[in-house]
Amino acid sequence: MNSPVEAIKSEKRMLLLKYLKENHRRYETLFSCNEDSIFVLDIEGRVVQSNPAFLQLTGFSLVEADELKLQFLFPIDHINKVFHHFSNAVVGRFPNFDTKIITKNGQILDLNITFIPISEDDQIVGVSAVGKDITELKRKKEEIRKVEEMQRVLTDNILDVIVSTNLQGEIVYVSPSCEYILGYDPNEVLNQNILSFVHPEDVEHAYQNRRKVLDGQEHGRDSYRVRKNSGEYMWVESLCKPIIAHDTLHVLEIVSVIRDITEAKRREETYRDLVEYSPDAVIIAKDAEILFINETGAKLFGASNKKDILNRTMADLIHSDYHEIAKERQQIETSGNVTDFIEYKLLRLDGSQFVAEVKGIPTIYQNNRARHIIIRDITERKKTHELLLNSEKLNVAGQLAAGIAHEVRNPLTAIKGFLQLMESEEERNRPYFEIIQSEMDRIELILSELLVMAKPHELKFEAVDLITLLENVKTLIDTQAIINGIQIETHYNYHNFTINCDRNQLKQVFINILKNAIEAMPEGGLITIEVKQYGLNMVKVFFQDTGKGMSQEILKRVGEPFFTTKEDGTGLGVMISKQIIENHGGTINIWSDEQGTLIEVILPIASKRLH
């Protein structure tokens, strides 16, 4: 026994069939001769009547059509939309929409459908569907869209070769510039596979790039060699863009913009040769990954071949003490800024250490942002500087020998005299002993200064009181100054400036400055030493003499190696003094005119004071 719902459906189907039979003659011509597909559905979505146009469109026979159900006529992804509109028609609406229909042989066609409710006895008993085949219209619209897209690309890249290929890689369009750049008539290359023009060594690379564009549906960029009509090969850069169907989101074609980069490639090869044979080591790195190293670099790091370096990271080549500063400089270079040369301690593959200057320059490598790192081995330069430094120390010590000898002779004379007095007046020995002890201490001080100047030693930083250091230097130089009729005055705003320095090297700088000042005043004069605080963490030391000064031409050359105005000078003193001050994080400046010379030494103050 049928349920009430089934009974209602059956009743409505009978009313629908009755309606169609009674109105058959009235609508026969309109129904049978209509170019649009018409099929009638009961409220359950079963086909009860169809016209010849529907049968021709779908390929079903009349018997087969009468057994069709609505859900079997449409693709799965369109069924929900169709039934939604069908439900609206069942309640009295007249929906119109685009969809796709499946024919008997499985072909999918684009269809525009209008659902029209059929009413009998004041109730809707069925739906009449009028379908218009819009497959050709859709195809033409898609062609228009593709042409418009092509025109836009052509407009943007009119001087380049524009190529459109189908999914198989066959050329379906090429711009007229093809003849000018490649030498081919556009019609000559149509329907040929684009990879057939690519150099055999580059085919696989170009194919893989094309697959990425197809699979990822994203823009692609690549460079390879293509064959010209003359048989020669030229380097091109290819920018690919997939043309995607809006409804299916499938790639229809690939449009490529091809640009001649032969000249750029030649410049790149020249650049590569310059880098490869550079006397400096060169590394191209992306983040910490090493992408390239030249032969000089491989030899510098003790590698038997480049692969030994390319399998490592930048951190493997840098001493752990310099990892933090290397990260900071990497960030600066990655942001597009150049970093200047700075000393690094680097590691060879065998674990040995060496000192080098390192500079970073932002660059582009293989179409990606990278860093061009220049590494300059300064081991030999360091040794040379050390030799020069020691040579200058010995030279200074030799020039001071006369003054030191005089300084030693005076206290020895006093000692001898007092010893003679002690022999005659024994009861008054104690005061003489004190004087002898004082003079002996002075001899020890002077001799120790001589030993410091004559004996080379490694750079050793320690906390030193600047004022005490200056006073020690003044004590050492006072005798020579007095002999030459020169007075040395000191002016200290503060009496406690603690600096981190190598005591002996800084002492050498101050001795060099004072000795030069004395030599600039052969007829006597005044040397002023002044100390002032500079900002929060720096101190300035001024050395001013009243000598004859230097001309601007000579002043410009001061500090050049081996440039000197003295008959017995080496021309290294100022250069080494500057180097020592720079090694201490400071600077040295010189001014001079006919009234004398002023030398300014700026040094950082230590964070912690001695007193």
Quick one: grab the alpha carbon gyration tensor of segment 1-61, order the square roots of its eigenvalues as a ≥ b ≥ c, and give me rounded if a/c is under 1.5, else prolate or oblate depending on whether a/b is larger than b/c. oblate
Area of E328 that stays accessible when all protein chains are in place (1.4 Å probe, Å², to 10): 110 Å²
For segment 209-356, what is the convex hull (Cα atoms) projected area averaged across all directions, in square nanometres? 13.2 nm²
Wrap a convex hull around the Cα atoms of segment 1-153, take a quarter of its surface area, and give that in square nanometres. 11.3 nm²
Of the residues V90, P117, G106, the Cα lying farthest along the dipole of segment 42-144 towards its positive end, which is defined by charges on the beta carbon of Lys, Arg, Asp and Glu, belongs to G106
Efficiency of FRET from Cβ geometry, I8 and I79, R₀ 35 Å, rounded to 0.05: 0.90
Sort K140, K307 from largest to smallest accessible area, using a 1.4 Å probe on the heavy atoms of the protein chains. K307, K140
Can you list the residues of segment 160-178 with backbone N under 16 Å from a point 7 Å past the Cα of T262, pointing along Cα to Cβ? 160-161, 178
Are any of the pairs K299/K382; K382/K556; K460/K578 more than 22 Å apart by Cα-Cα distance, and if so, which? K382/K556
For V48, what charge total do you get from the other residues with a beta carbon under 14 Å from its beta carbon, if Lys and Arg give +1 and Asp and Glu give -1? +1
Round to the nearest 0.05 the FRET efficiency obtained for N368 and N112 when R0 = 45 Å and r is the Cβ-Cβ distance. 0.35
For segment 140-272, size of Cβ-based charge dipole, Lys and Arg +1, Asp and Glu -1, in debye: 200 debye
In vacuum, with every alpha carbon of segment 26-112 counted as one equal point scatterer, what does the Debye formula give for log10 I(q)/I(0) at q = 0.10, 0.21, 0.27 Å⁻¹? Two decimals, please. -0.24, -1.13, -1.60
Say the dipole of segment 214-309 comes from +1 at the beta carbon of Lys and Arg and -1 at that of Asp and Glu; which of A264, A285, G220 then lies farthest toward its positive end? A264
What is segment 162-206 by shape, rounded, prolate or oblate, if you read a ≥ b ≥ c off the alpha carbon gyration tensor as root eigenvalues and call it rounded for a/c under 1.5, prolate for a/b larger than b/c, and oblate otherwise? oblate
Measure off 7 Å from each Cα along the Cα-to-Cβ vector at S335 and V172, then give the distance between these two points in nanometres to one decimal. 4.9 nm
Rank-order 239-251, 23-35, 118-130 by packing density, defined as the average count of other C-beta atoms within 10 Å over each peptide's residues, highest first. 118-130, 239-251, 23-35
Would you work out if segment 100-258 is rounded, prolate or oblate? Take a ≥ b ≥ c from the square roots of the eigenvalues of the alpha-carbon gyration tensor; rounded if a/c is under 1.5, else prolate when a/b is larger than b/c, oblate otherwise. prolate
Can you count the Lys pairs in segment 52-176 with C-alpha separation below 24 Å, eight or more apart or on different chains? 19
Give, as a single signed number, the net charge of other residues whose beta carbon lies under 14 Å from the beta carbon of D280, with Lys and Arg counted +1 and Asp and Glu -1. -1
Sequence-distant aspartates and glutamates (8 or more away, or on other chains) whose Cα lies within less than 16 Å of K383: E343, E357, E392, E458
Give the separation of the Cα centroids, segment 274-341 to segment 180-243, in Å. 35 Å
If I stretch the segment between K18 and L239 completely, what's the gain in nm (0.36 nm per residue apart, minus their alpha carbon distance), one decimal? 73.0 nm
Contour minus end-to-end for H219 and E148, with contour as 0.36 nm per residue of separation and end-to-end as the Cα-Cα distance? 23.7 nm
Probe 1.4 Å, accessible area per residue of segment 1-98, Å²: 63 Å²
Around I374: net Lys/Arg minus Asp/Glu count, Cβ-Cβ under 14 Å: -3
How many nm is it between the label spots at N311 and L536, if each spot is 7 Å from the Cα in line with the beta carbon? 5.1 nm
For F97 and R272, what does the FRET efficiency come to when R0 = 51 Å and r is the distance between their Cβ atoms, rounded to the nearest 0.05? 0.25
From the C-alpha gyration tensor of segment 188-230, square roots of 5λ in Å: 20, 13, 8
For E6, tell me the accessible area in Å² from a 1.4 Å probe, rounded to the nearest 10. 80 Å²
With every protein chain in place, the accessible area of L111 for a 1.4 Å probe, in Å² rounded to the nearest 10, comes to 0 Å²
Cα centroids of segment 344-360 and segment 95-146: how far apart, whole angstrom? 76 Å
Here P(r) for segment 177-251, Cα-Cα distances in 10 Å bins, as whole percents, is 18, 44, 31, 7, 0
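The values are calculated or read from the model by the stated rules, or taken from the named source; none is laboratory data. For clarity, every value in this text was computed on a predicted model and none was experimentally measured. Note that we place each Cβ from the backbone using ideal geometry, even for glycine, and neighbour counts take in every protein chain shown. Keep in mind that these areas ignore ligands, DNA and RNA; they rest on the heavy atoms of the full protein, side chains included. Shrake-Rupley method; radii C 1.70, N 1.55, O 1.52, S 1.80 Å.
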